[in-house]
Structure formats: structure tokens, C-alpha cells
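Pasting a structure below so you can have a look.
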Number of protein chains: 2
Amino acid sequence: MEITTVGAKHEKRKLQQSVYDAIVDGITQGEWKELDKLPSVRVMAGRMNVHRLTVLKAYQQLLEDGIVHVKYKSGYFVSASESAAADASPASHRDSRSWDYQARSLYVHRSRLSDIHRQQVDYQMSEALIDPGLLPNAYLSNHVKQVFDMYPKVLSTYSSVSGDIELRAELARYFMEKQGITVHPEELLITTGSQQAIDLISRSLVKDGDRVLIERPTYSPAIDLFVQQNVKLLPVEIAPQGYDLEQIEFLMRTEQPKLFYMNPTFQNPTGYTVPVRQRKALVELAERYQCILVEDEVYHDIYFGDPPPLPFFYYDTEGYVIHIRSFSKYVAPGLRISVLAARPELMNAIIPIKALSDNGTPLLTQKIFQHYFFSSRLQEHVAKLRIALELRKARMEKLLEATDWRWTSPGGGLNLWIELPNNVNVDELLRQCLAESIAFVPGRICDPLDRMDSWIRLSYSYISEIQLEEGIRRLIQIADRVKV
Amino acid sequence: MEITTVGAKHEKRKLQQSVYDAIVDGITQGEWKELDKLPSVRVMAGRMNVHRLTVLKAYQQLLEDGIVHVKYKSGYFVSASESAAADASPASHRDSRSWDYQARSLYVHRSRLSDIHRQQVDYQMSEALIDPGLLPNAYLSNHVKQVFDMYPKVLSTYSSVSGDIELRAELARYFMEKQGITVHPEELLITTGSQQAIDLISRSLVKDGDRVLIERPTYSPAIDLFVQQNVKLLPVEIAPQGYDLEQIEFLMRTEQPKLFYMNPTFQNPTGYTVPVRQRKALVELAERYQCILVEDEVYHDIYFGDPPPLPFFYYDTEGYVIHIRSFSKYVAPGLRISVLAARPELMNAIIPIKALSDNGTPLLTQKIFQHYFFSSRLQEHVAKLRIALELRKARMEKLLEATDWRWTSPGGGLNLWIELPNNVNVDELLRQCLAESIAFVPGRICDPLDRMDSWIRLSYSYISEIQLEEGIRRLIQIADRVKV
């Protein structure tokens with residue numbers, strides 16, 4: 001500990017008080033008015049010829065006394081006589097040096113999705129999340145408590161980098177029993193959500209200048225992740241009937257893409273599903289052109305009619321397919337458990353990046369997931385969940401029948417992908433909707449080409465049927481209003 | 001679902017059986033002997049003029065019947081008459097194409113640490129982990145169950161990217177009360193372990209060709225992470241009395257490093273602590289030369305005598321210090337909860353990378369951490385833990401007194417950093433120790449220059465005192481034996 005004599009401490013305190021007084025005087029005499037920014041700590045220290053720590057402490061004292069407030073990102077500001085709290089939000093102007101990193105500009109460009117999600121709205125149709133009311137919370141809590149009895153040291157143990165071996169063994173069995181897929185537990189990697197799986201793939205399998213095929217539209221954070229790796233993105237259109245395989249073959253032949261990121265089942269955002277014959281054909285193409293297929297199966301178990309086709313991974317004999325499966329999403333999204341399946345060649349490139357990233361997903365969430373995902377009670381839950389979501393989808397579609405909006409009814413998933421008439425400006429629609437507590441995702445965010453201005457994604461999964469009714473009613477009204 | 005007529009299915013099954021039979025015949029007739037590798041799926045499909053999926057299924061059937069086994073990474077092998085299980089471990093030779101990514105070679109180079117940790121040994125002195133027997137497991141389990149009652153929807157909710165706001169608010173209060181550090185909750189980011197915090201920093205704040213200062217020796221995964229970003233590492237020697245500030249100033253002036261990664265308190269691996277006056281001086285230097293100081297405080301609360309000096313973050317007024325604090329390590333390592341504190345300029349560059357990485361640490365582990373880290377019972381636990389660890393350290397030192405090995409007794413942390421006499425070959429020592437179920441970390445792994453051949457790190461934290469006694473006794477014996 002720093003040794004300071006009582007005298008020295010007293011001296012410091014006096015200096016600090018003098019800074020404090022100088023600020024209060026400045027405010028009283030009008031040097032700084034309400035909501036004005038105070039000089040930076042550095043400037044003030046120079047001006048008063050004291051150490052910067054002294055100024056910092058004086059400012060903190062002023063903060064505690066409510067005389068100034070901090071604007072996140074900007075500094076200390078004189079508080080208004082009334083509450084300054086409303087103004088304490090991030091300021092848009094920054095006055096100091098900039099750490100000019102690539103990530104920043106990327107984020108500014110793409111951040112609209114998280115900006116939208118951050119809004120607290122009553123009619124939440126932007127987040128493709130499941131209504132917590134549809135999840136078996138009470139049952140889960142009780143079930144989870146047993147996990148602590150079963151594994152008394154679960155909190156004091158690290159998982160291996162690949163993930164808990166018991167969980168991976170159970171998942172391997174699950175893949176075999178449910179889909180006839182043979183996969184060795186060593187070919188499975190537990191990740192903290194699918195987002196991390198895509199991140200690990202983008203960091204380990206592509207590098208600067210590589211070409212990457214990506215669906216258009218697609219899951220927008222995937223665009224961000226690949227852009228972050230400085231790859232060249234080549235969009236592949238996805239339609240209700242699937243891809244244009246000729247286009248894909250042409251791109252594979254002429255551009256030699258390193259991989260193709262796909263969301264082939266009840267695609268996010270469109271809800272479209274790539275049919276079986278295309279799955280087989282595409283695996284052959286991938287092999288011929290040595291292009292890795294990354295299939296991100298987020299909604300595999302959320303189907304309304306027939307179950308979806310078998311995954312691409314099933315048809316792959318040569319190790320060109322990576323399968324990402326999000327399981328926890330529709331039972332306990334808070335757990336953030338996903339699994340990545342890849343044959344050894346690719347897995348060996350991915351594991352080291354997982355080790356560097358976080359050294360393994362927390363063991364606790366894995367054990368909780370393991371012990372209730374494979375219980376029969378939870379499988380029953382998923383069956384009920386499908387029905388509940390299908391009803392919400394049908395309700396949303398019914399309400400939208402009154403409009404001239406166009407969409408293809410999805411066979412599963414959480415979203416409707418809707419084309420609005422040309423005379424509706426989606427940016428303006430979003431602005432006015434957010435002002436009236438309604439959120440949705442503008443299509444452009446999902447487009448690697450940053451167009452698709454007439455499209456929106458509406459999630460029917462998060463809000464109750466009553467809210468949904470009111471939310472859609474208002475959305476239609478606002479759309480009418482912003483027509484040009 | 002794929003529609004297949006019964007007839008077509010029957011046909012496929014017959015083909016599959018013929019492949020199966022061909023393999024069995026080949027084995028019977030000696031074409032492939034015990035432990036031989038079978039042809040790849042592709043080759044076999046060409047040879048028998050069938051689809052590869054047919055071969056794959058036949059191989060899977062042979063696998064189920066115990067006639068062949070899979071070597072991870074290598075393919076299908078004829079099983080030995082006796083159990084083939086012992087041989088089913090990763091093979092060292094690979095016969096197929098290589099995904100030649102940077103990560104691979106890096107990992108091969110550096111992987112020895114995780115290779116050592118992966119060994120199941122009786123005398124585990126390589127992992128700087130706390131003996132689960134020293135952690136309050138039963139208390140924790142009960143405590144944790146309350147979390148589910150308090151937050152019935154904790155499993156169905158996502159955390160925000162920065163981390164749970166309640167937890168961050170409590171941590172901000174903790175920093176203020178315990179250390180007089182004023183930090184806004186928006187200046188805190190919850191990460192999945194400290195490893196992730198370093199990863200996020202390396203991804204967001206440095207780029208190809210940047211210079212980075214790093215202690216020598218240091219926490220070896222940090223070396224890997226920065227190497228992964230293609231930076232130039234500039235080693236800074238750390239000694240029992242701290243750094244050589246002249247060396248650091250010279251490097252800052254001549255090389256303009258972007259950041260300095262430090263482990264300044266009970267350093268891993270050395271146990272050394274950077275004194276107060278150097279902390280103040282270094283903050284000034286960092287500011288003058290615009291070099292970000294990343295202080296990774298892993299063992300802050302594991303002190304044996306006086307508590308350690310205040311963190312660098314305390315002395316920073318201009319936002320040049322990033323503080324990483326590992327909290328869960330010594331109460332519930334399985335939770336993997338760390339916190340990163342940074343002023344807004346830097347935080348704004350880091351958050352987007354966290355969003356891309358995993359979109360936020362799981363909420364459940366955060367809530368569990370929050371509700372027991374701040375309980376008085378847990379603070380008592382940490383006090384007891386210090387005593388238990390100090391006793392183990394003393395025991396290890398006592399046992400080592402019989403040798404001519406040299407170390408500086410650390411004031412905290414989990415490790416002894418020991419210099420062996422020149423005539424002990426550490427590589428050979430490690431080899432023989434692992435063969436006798438003893439593990440430690442060879443110093444070279446911790447050295448950014450890949451030297452320090454005479455040093456080892458011994459962790460006294462993981463094994464019981466009885467094991468420690470026997471482990472050290474054997475270690476000394478082996479060291480005597482390998483002397484040249």
C-alpha cells in the first residue's frame with residue numbers, strides 16, 4: 001500500500017477542495033452554464049497547477065454532490081437545475097483523440113441492428129427471440145437445481161476447450177438417433193452461442209482477401225464478422241425455392257471462394273428452406289471446388305408442417321461441411337449453448353481459436369443444458385412451442401392480409417420477411433415506429449449489398465398475441481401515414 | 001424430408017451390404033491386416049462404383065459391429081482382435097490435404113501448455129488453478145439455487161453485450177468502496193474469463209505490424225493472442241523489484257508501441273509485484289507516449305502479507321489504462337466471470353468486438369456470480385483461502401529448501417518461479433516427470449523470446465498438501481537423475 005503521512009493527506013485534501021471550490025465559483029459566476037462541458041481533467045490540472053489525480057477526485061466529489069454529471073464518452077458537465085439524468089445518455093460528439101480502429105467504423109455502419117434492439121419498446125418485433133412466457137421457466141429452475149446436486153463441483157471446474165465430454169457424447173448420440181448422422185464427440189465443439197461459432201470459423205478459416213459466399217439476405221451479424229476479416233463477400237440470392245445453383249457454380253469456378261455461409265433451414269430473415277436435391281448437389285459442388293459449406297441451423301426444430309430436410313452435414317462424406325446447431329435458443333436462450341460439428345481437418349483449425357478466445361464455454365451452462373435438453377419433458381416442450389409459434393405466425397399473417405404487402409409463408413422459424421410497396425419509405429417507417437414503441441428490422445441491414453430498401457423482417461416470436469394484434473394494427477397505420 | 005421409395009431404399013441397403021461384405025472379405029483374405037488403414041471413403045466409392053454415402057454407411061456399420069475403428073484425424077482402421085480402444089487416440093500422421101491456416105502452425109508451436117494441462121497426472125503442479133477442495137462448493141450450490149427463485153426467467157433471457165447492468169453497477173460500487181476507483185457501469189464489460197478480455201483487446205486495439213510491449217516472462221496464452229494479431233512483441237524484463245523503467249521509456253520512445261500487456265500483481269508466472277512508484281511513473285510514460293497499459297489483475301485478492309498496491313487504473317486520469325480483473329477464479333472458476341474496465345474511448349472500440357464474438361456473456365453465470373460474490377460469506381471464504389494457499393506455498397518452499405534451486409518467495413498468487421541449476425535439462429525433466437505423473441510448466445513457454453530454459457513454474461494451489469509433499473519429493477529425485 002502507498003504510504004502517505006497524515007500531513008500529506010491533509011494537503012491533498014485541501015488542494016482537492018480548492019479545485020472543487022474553483023469549479024463551483026466558475027458555475028456561480030457564469031463561466032460555465034448549465035449543461036456546459038467542464039475543462040478536461042488535464043486542462044484543469046494545468047490551469048490550477050495541481051496533479052491531475054487531484055482534479056479527478058474533485059470532479060468525482062462534484063459528481064457525488066450532483067453539481068456535475070458525466071456524459072458517457074464526453075466528460076464532466078454542469079448539471080441542470082432540474083434532473084440531468086435524462087441527458088446523461090451517450091453524446092454524439094467526441095472532443096478527444098480517436099482510437100481509429102477498423103472495428104469502430106464497421107460497428108458504426110452496422111450497429112443499427114443492436115441500436116434497434118437496445119430500444120425498449122412495447123411492440124417488439126425486431127428481436128428474433130422467443131417470448132419468455134413460452135418457455136418452461138418454473139420447471140427449468142427446479143430441474144437446474146438438481147444439476148448442482150449431481151455435480152457438486154460444477155462451479156469450481158473448468159470445461160475442456162472443446163466442451164464437456166459427457167455433453168458431446170450425448171450430442172453425438174442425439175445426431176445419430178435423430179438424423180442418422182455419425183459424428184465422433186471429438187468432431188463436436190461447444191460454443192457460447194451460434195454467434196461465437198461463426199466468429200471462430202471466420203477467424204480460423206478465412207483471411208484477408210479470401211472470397212466468401214453469403215446468402216442475400218442473411219443474418220446480419222454474419223456480414224459484420226466476415227467483413228471484420230477483410231474478405232470479399234459474394235452474395236448468393238436465396239428464394240423460396242432455394243438457390244440458383246448455376247450462379248453458385250459460376251462463382252465457385254471463377255472466384256474460388258474459401259467458404260459459403262448458409263442459413264438453409266427456415267432461413268433468417270426469409271424463412272426459406274433449401275430443398276433436398278439442392279443440398280445434395282451443393283455438397284458435390286463444394287467438394288469439386290474445395291469450398292467449405294458452413295450451415296447455420298438456427299431454427300431446425302421450429303417447424304410447422306413437415307420437419308425440415310436433413311442437414312447438408314448428412315450428405316457430406318469428404319469433410320467440406322461445418323454444421324452449427326443452436327439448441328438452447330428455444331428452451332433456454334440464456335444458456336447460450338450451441339454446437340459446431342466439423343470433420344477433423346477443419347476442427348483442428350478451429351479449436352486453437354476457441355482456446356485463444358475463451359479457453360472453453362463455462363461448464364455450468366453446459367451441464368444444465370445437458371440435463372434438461374435430453375429429458376423427455378423438454379422434448380415435449382418443443383412440440384408445444386412449435387404449435388404456439390405457428391399460432392402466432394398465423395395471427396400475424398391474418399392481420400397483414402388487409403395490406404398489399406407481400407411475403408412467402410414460412411414453414412418454420414420466427415420471422416416473416418415482407419416486401420412493402422415502393423411508396424413506403426422503410427427508414428421513415430422505422431423512425432416513426434420506434435417513436436411509437438414498435439420495433440422491426442429493416443431489410444437493408446440483412447443485405448450484404450446494403451440495399452433491399454423495401455423489405456422488413458417481422459418477428460412473431462417474442463410478443464404475446466394481444467400485443468401482436470395491437471402492434472401490427474399500429475404498424476399498418478404508420479405505414480399508411482408515411483406513404484409518399 | 002427426402003422422399004425415397006421402398007424399392008430404392010432396398011437397393012441402397014443392398015449396395016451398402018456389398019461394400020460391407022467386400023471389406024470383411026478383404027480383411028479375411030489379408031488385403032488389410034489388423035490396424036491397417038482402410039481406403040478412404042472416396043477411393044472405396046470409386047473402386048466399387050457406388051456413391052460415397054453408401055461407402056460411408058457401410059463403414060459406419062463396420063464401426064458399430066466393431067470390425068473397424070476410427071482414428072481421430074485419420075480414417076477407418078481394421079480393429080485388432082483384442083480391444084482397439086487403446087489405439088483410438090489421435091494419430092500423429094495425416095494423409096490428406098491440409099487447411100494451411102496460420103492458427104494451426106501457431107498452435108502447434110505453442111500448444112505445449114495445453115498439451116501439458118491435458119495430461120491426467122497425480123501431481124498436478126502445472127495448472128494455476130485452485131484446489132476445488134478449497135472452494136465452498138456446498139454453500140455455493142445452495143446459494144445458487146436461490147438465484148433461480150430470484151430470477152425465474154434467468155434462463156430465458158439474454159444479457160446485454162456489456163454484461164448485466166445490475167452486476168456492473170455492483171462492481172462499480174465495489175471498485176469505489178474497496179479501492180477508491182470511480183468507474184461508471186458503462187465503463188465495465190463482463191467477459192467470459194480473463195482470456196476473453198485479452199482476446200477482445202488484441203482484436204480491437206492492435207493490428208498487423210503494431211508493436212506491443214509484453215513482460216518477460218509472461219502468461220503464455222497472451223503471447224499466443226498477440227502473435228495471432230501479427231504484432232511485433234517487445235519483451236520487457238520483470239524482476240522482483242519491478243521493471244526497468246528506462247528500458248520501457250526507451251522502447252516507448254523508439255518503437256511507439258500501441259500497448260503494454262502487464263500482469264503487475266503477483267505476476268503469473270513469477271509472483272513479482274510492480275511497486276507503487278513504478279505504477280505512477282508508468283502511467284505518466286504511457287500518457288506521454290500514447291501507449292495503452294493493459295493490466296491483467298488475476299491474483300489481486302490472493303495476497304499473503306500486505307494487500308497489493310492500488311491498480312494502475314487508479315492512477316490513470318487520461319484513459320490510457322485498461323484494467324482486467326478476474327474475480328470468479330478463486331471462488332467459482334467454473335463461472336468464468338471477469339470484468340474489463342476501460343474509459344469510454346477504448347471501451348467503444350472493444351464493445352463491438354465483444355458483440356461480434358458472442359453477443360454477451362451468459363446471463364446465468366453473471367447472476368450467480370453477482371449474488372454470491374458480494375455476500376459476506378464469500379468474502380470470508382477469500383480470507384480463509386488466502387491462509388490455505390499461504391500454507392501450501394510455505395510447504396512447497398520448505399520442501400525445496402533441500403535443493404540448490406532459486407526463487408523469490410512471492411507475496412501472493414498461486415505459483416513459484418524457480419531457476420534450476422544449469423546442469424538440469426528442463427525438457428528431459430518434464431518428459432520424465434510426465435511419465436511419472438507429475439506436471440509443471442517449463443519456463444520457456446512463458447518467454448516471448450522462447451528461451452529461459454532453466455526455469456520452471458510450480459503451482460502450489462491445486463494439489464493437497466499430502467500430494468504436494470510426495471510430488472515435490474519425486475520431482476527433486478527426477479531432477480537429480482537427469483543432471484548432466
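List, in the order given, every pair from A:LYS178/A:LYS280; A:LYS12/B:LYS178; A:LYS329/A:LYS393; A:LYS354/B:LYS232; A:LYS354/B:LYS329; A:LYS153/B:LYS232 whose Cα-Cα distance in the structure shown is over 29 Å.
A:LYS153/B:LYS232
Let me ask something else. May I ask for the angle, rounded to the nearest 10°, between helix A:245-255 and the longest principal axis of chain A, with both axes built from Cα atoms and the value confined to 0 to 90°?
Once rounded, the angle reads 60 degrees.
Sticking with this one: For every other residue with a beta carbon closer than 13 angstrom to the beta carbon of B:GLU215, add +1 if it is Lys or Arg and -1 if Asp or Glu, then tell me the sum. Please list the in-between numbers first.
Details: positive: B:ARG216; negative: B:GLU237, B:ASP244, B:GLU295, B:ASP296, B:ASP447.
Value of the local net charge: -4.
Near B:ILE353, within a Cβ-to-Cβ distance under 9 Å, what is the net charge of the other residues, with Lys and Arg +1 and Asp and Glu -1?
Values: positive: B:ARG203, B:LYS354; negative: B:ASP199.
Combined, the nearby Lys, Arg, Asp and Glu give +1.
In which sequence would A:THR254, B:THR361 go, from the one with the fewest C-beta neighbours within 10 Å to the one with the most?
Details: A:THR254 10, B:THR361 32.
If I rank by nearby Cβ atoms, fewest first, I get A:THR254, B:THR361.
For the stretch B:9-59, run through the trypsin sites (Lys or Arg not before Pro) and keep only the ones in DSSP coil with at most 14 other Cβ atoms within 10 Å of their Cβ.
On the way: sites: B:LYS9, B:LYS12, B:ARG13, B:LYS14, B:LYS33, B:LYS37, B:ARG42, B:ARG47, B:ARG52, B:LYS57; in loops: B:LYS33.
Answer in residue order: B:LYS33.
Taking each label point as 7 Å beyond Cα in the direction of the beta carbon, state the distances from B:ASP306 to the same residue in the other copies, shortest first, in nm.
Nearest first, the other copies' label points are 7.6 nm away.
Could you tally the net charge around A:SER156, taking each other residue with its Cβ under 12 Å from the Cβ of A:SER156, Lys/Arg +1 and Asp/Glu -1? Walk me through the numbers on the way to the answer.
Details: positive: A:LYS153, B:LYS329, B:ARG336; negative: B:ASP131.
Within the 12 Å Cβ shell, the charges total +2.
Would you mind giving the three semi-axes, in whole Å and largest first, of the ellipsoid equivalent to chain B according to its Cα gyration tensor?
Working: eigenvalues 430, 179, 121 Å².
After scaling each eigenvalue by five and taking roots: 46, 30, 25 Å.
Among B:PHE77, A:PHE304, B:PHE250, which comes first, then next, by fewest other beta-carbon atoms within 10 Å?
Values: B:PHE77 20, A:PHE304 17, B:PHE250 11.
If I rank by nearby Cβ atoms, fewest first, I get B:PHE250, A:PHE304, B:PHE77.
If the cut-off is 15 Å between C-alpha atoms, which aspartates and glutamates fall inside it for B:LYS398, apart from same-chain ones fewer than 8 positions away?
B:LYS398 reaches B:GLU390, B:GLU465, B:GLU469, B:GLU470.
Also, quick follow-up: As I understand it, the value is the acute angle between the Cα axis of helix B:363-373 and the longest principal axis of the Cα atoms of chain B; what does it come to in degrees, rounded to 10?
So the inclination is approximately 40 degrees.
I need A:ILE27, A:ILE438 ordered by Cβ neighbour count within 10 Å, fewest first. Numbers along the way, then the final one.
Working: A:ILE27 19, A:ILE438 23.
Fewest-to-most ranking of A:ILE27, A:ILE438: A:ILE27, A:ILE438.
Please work out the Cα center distance from the stretch B:450-484 to the stretch B:262-294, rounded to the nearest Å.
Comparing the Cα centres of the stretch B:450-484 and the stretch B:262-294, I get a distance of 30 Å.
Over chain A, what relative contact order in percent results from Cα pairs under 8 Å that are six or more residues apart?
On the way: 786 pairs, mean separation 87.4, N = 484.
Relative CO of chain A lands at 18 percent.
Could you work out the relative contact order of the stretch B:138-375? I mean the mean sequence separation of Cα pairs under 8 Å and 6+ apart, divided by the number of residues, in percent. Mind showing how you got there, number by number?
Details: 406 pairs, mean separation 63.1, N = 238.
This gives 27 percent for the stretch B:138-375.
Right, another one. Roughly how many debye, to the nearest 20, is the charge dipole of chain B about its Cα centre, given +1 on each Lys and Arg Cβ, -1 on each Asp and Glu Cβ, and no other charges? Numbers along the way, then the final one.
On the way: 56 positive and 61 negative charges, 205 e Å.
Around 980 debye, computed over chain B.
Quick one: grab the alpha carbon gyration tensor of the stretch A:186-301, order the square roots of its eigenvalues as a ≥ b ≥ c, and give me rounded if a/c is under 1.5, else prolate or oblate depending on whether a/b is larger than b/c.
Details: a/c = 1.40, a/b = 1.08, b/c = 1.30.
It is rounded, given that a/c, with a ≥ b ≥ c, falls under 1.5.
Now for a different question. Could you tell me the center-to-center distance, by alpha carbons, between the stretch B:377-397 and the stretch B:198-257 in angstrom?
That distance is 32 Å.
Show me, for the stretch B:187-202, the HN-Hα J-couplings you get by feeding each phi into the Karplus relation (A = 6.51, B = -1.76, C = 1.60, θ = phi - 60°), rounded to Hz, glycine and proline as x.
Couplings: 9, 10, 10, 8, 10, 7, x, 5, 3, 5, 4, 5, 4, 4, 5, 5 Hz.
What list of ³J(HN,Hα) couplings, whole Hz, do you get for the stretch A:261-274 from phi and the Karplus terms 6.51, -1.76, 1.60, once you set θ to phi - 60° and write x for glycine and proline?
These are the phi-based 3J(HN,Hα) values: 8, 10, 9, x, 10, 6, 3, 9, x, 7, x, 6, 10, 6 Hz.
Could I ask something else about it? Please say if the stretch B:138-375 is rounded, prolate or oblate, where rounded means a/c under 1.5 for a ≥ b ≥ c the square roots of the C-alpha gyration tensor eigenvalues, and otherwise the choice is prolate for a/b larger than b/c and oblate otherwise? List each step's numbers first, then the result.
Numbers: a/c = 1.98, a/b = 1.58, b/c = 1.25.
It comes out prolate by the Cα gyration axes.
List the relative contact order of the stretch A:242-308 as a percent without decimals, with contacts defined as Cα pairs under 8 Å and 6+ residues apart. If you can, show how the numbers build up before the last one.
On the way: 68 pairs, mean separation 27.1, N = 67.
Contact order relative to length: 40 percent.
Kindly identify the stretch A:271-384 as rounded, prolate or oblate by the Cα gyration tensor criterion: order the square roots of the eigenvalues as a ≥ b ≥ c, call it rounded if a/c is under 1.5, otherwise compare a/b with b/c, prolate if a/b is larger, else oblate. Could the numbers behind the result be given before it?
Values: a/c = 2.75, a/b = 1.18, b/c = 2.32.
Cα axes put the stretch A:271-384 in the oblate bin.
Another one. Per residue of chain B, what 222 nm ellipticity follows from adding -39500 (n - 2.57) for every DSSP H run with n ≥ 4, rounded to the nearest 500?
On the way: 17 runs with 217 residues, N = 484.
Value at 222 nm, helices only, nearest 500: -14000 deg cm²/dmol.
Then there's this: Apply the Karplus curve 6.51 cos²θ - 1.76 cosθ + 1.60, θ = phi - 60°, to the phi angles in the stretch B:152-160 and return the couplings in whole Hz, x for Gly and Pro.
x, 9, 4, 7, 10, 10, 8, 6, 6
Any chance you could give the angle, 0 to 90 degrees and rounded to 10, that helix A:465-481 forms with the longest Cα principal axis of chain A?
The angle comes out near 80 degrees.
No value in this document is a laboratory result; all are computed from the given coordinates. Quick caveat, the model's predicted, so the values are computed rather than measured. Cβ sites come from the backbone with ideal geometry, for glycine too, and all protein chains shown count toward neighbours.
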